[in-house]
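K.L.:
This is the structure I want to talk about, given as structure tokens.
The values are calculated or read from the model by the stated rules, or taken from the named source; none is laboratory data. Being a predicted model, the structure only gives us computed values, none of them experimental. Don't worry about glycine lacking a Cβ; one is built from the backbone with ideal geometry, like all the others, and counts go over all protein chains shown.
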Amino acid sequence: MACGLALACANAGESVLLVDAISHGGTRLALGERQLKNRGELLELDTATSLDEYLRIYLKFPIPASRLGPISRIFEYVAAAAPGVTEILTIGKIGHEVRERNWNRVIVDAPATGHVVELLAAPDNLNTMIQAGPLNDQTGWLAEILEDQARTGVWIVTTPEELPVSESLELADRIGNETDVALAGAVINRMPDLLSQAGLDEADRLATGSGGLATASSMAALQTRTALRESTRFADVWSTTGLPWYAVPIADDPVDAARRVWSGLT
């Protein structure tokens with residue numbers, strides 16, 4: 001979804017920074033050989049790189065901290081003692097790009113479920129522990145960016161299955177209750193081609209037989225019923241937010257499928 005949105009925005013003439021916030025390699029893999037136009041870039045974040053940049057920008061530290069064992073060990077101790085320090089480096093780097101680089105759009109492929117809440121809440125959580133000093137000042141401007149609904153919003157991506165839908169709805173509640181960051185919308189990804197009622201009846205009939213056709217028919221009927229039930233459950237709850245949601249179909253090239261959907265909206 002993040003790659004598809006980035007490509008749609010870049011193709012529309014925007015300068016785009018696509019951020020892999022957990023540096024898991026999946027964003028680069030999904031992007032593949034595709035090129036982000038109009039100064040588009042992919043930024044893959046990890047804690048060591050973010051710490052190096054933080055020390056360079058704010059403390060004018062000349063040598064990357066990752067090359068100095070004692071500094072790295074001190075940081076690990078501080079991060080363990082003060083929850084939110086690791087997350088503030090990641091979200092801080094993203095906020096710095098928003099503030100300084102003047103991209104038309106910064107799109108973040110964020111971690112799943114609970115960890116994204118910790119990431120979004122990090123500035124406020126750290127601010128309650130550190131009442132003064134440069135770190136307090138930096139969490140202040142970062143919180144302003146995150147809480148500005150004209151600049152920042154979270155898109156939740158789920159699939160039409162029971163567990164992903166339940167986790168996504170829970171995530172929406174947690175973002176609303178535990179952070180000051182606004183939801184922007186939702187995507188139901190990997191929506192299958194749904195059988196009509198006549199198709200379901202025929203699949204049920206064939207499923208009573210034996211062999212591969214019966215198995216395939218049973219699976220097709222189950223997929224349709226599950227997708228209908230779970231997408232309806234998600235849509236019913238999500239409608240109370242008043243925010244949009246969109247479905248992206250299953251495709252051999254999921255990034256291109258996402259790009260086509262986003263291109264119709266940007």
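K.L.:
Identify, from the list Asp193, Asp201, the residue that is among the acidic types (Asp, Glu), surrounded by fewer than 14 Cβ atoms within 10 Å (Cβ to Cβ) and under 20 Å from Pro249 (Cα atoms). Lay out the reasoning, then the answer.
P.N.:
Numbers: Asp201 fails: under 20 Å from Pro249 (Cα atoms).
Selected residue: Asp193, the only one of Asp193, Asp201 that is among the acidic types (Asp, Glu), surrounded by fewer than 14 Cβ atoms within 10 Å (Cβ to Cβ) and under 20 Å from Pro249 (Cα atoms).
K.L.:
Only residues in the stretch 160-183 that are without any contact (Cβ under 8 Å) to a residue 40 or more places away in the chain count as the first member; pair them with residues that are in a loop (DSSP other than H, G, I, E, B) and surrounded by 15 or more Cβ atoms within 10 Å (Cβ to Cβ), Cβ under 8 angstrom, at least 6 apart or cross-chain, and list the lot.
P.N.:
Ala182/Thr152
K.L.:
Output the residues belonging to the stretch 169-208 that are under 25 Å from Thr226 (Cα atoms) and assigned to a loop (DSSP other than H, G, I, E, B).
P.N.:
Hits for the stretch 169-208 are Pro192, Asp193, Leu194, Leu195, Ser196, Thr208.
K.L.:
Let me ask another. Let me confirm something: among Thr232, Thr266, Thr208, Thr241, which residue is more than 24 Å from Gly114 (Cβ to Cβ) and at pLDDT 95 or above?
P.N.:
Numbers: Thr266 fails: at pLDDT 95 or above; Thr208 fails: at pLDDT 95 or above; Thr241 fails: more than 24 Å from Gly114 (Cβ to Cβ).
Unique residue meeting the criteria: Thr232.
K.L.:
While we're looking at this one, here's another question. Any residue at all in the stretch 31-39 that is in contact with a strand residue (DSSP E or B) (Cβ under 7 Å, 6 or more places away or on another chain), among the charged types (D, E, K, R) and under 19 Å from Trp262 (Cα atoms)?
P.N.:
No, that holds for no residue.
K.L.:
Further question on the same structure: Is one or more of the residues making up the stretch 223-233 surrounded by fewer than 16 Cβ atoms within 10 Å (Cβ to Cβ) and not in a helix (DSSP H, G or I)?
P.N.:
Scanning the stretch 223-233 turns up no residue that is surrounded by fewer than 16 Cβ atoms within 10 Å (Cβ to Cβ) and not in a helix (DSSP H, G or I).
K.L.:
Take the residues in the stretch 209-222 that are of a type outside the set (S, T, N, Q) and outside any helix (DSSP H, G or I), then tell me which one is surrounded by the fewest Cβ atoms within 10 Å (Cβ to Cβ).
P.N.:
Residue satisfying both the conditions and the ranking: Gly211.
K.L.:
For the stretch 234-257, enumerate the residues that are of a type in the set (Phe, Trp, Tyr) and outside any strand (DSSP E or B).
P.N.:
Going residue by residue through the stretch 234-257, those that are of a type in the set (Phe, Trp, Tyr) are 234, 238, 245-246.
Within the stretch 234-257, Phe234, Trp238 qualify.
K.L.:
Taking the stretch 207-228 only, how many residues are within 14 Å of Leu195 (Cα to Cα) and touching a residue at least 12 places away in the same chain (Cβ under 8 Å)?
P.N.:
So the answer is 10.
K.L.:
Determine, yes or no, whether Val248 is touching a strand residue (DSSP E or B) at 6+ places or on another chain (Cβ under 8 Å) and in contact (Cβ under 8 Å) with a residue 60 or more places away in the chain.
P.N.:
yes
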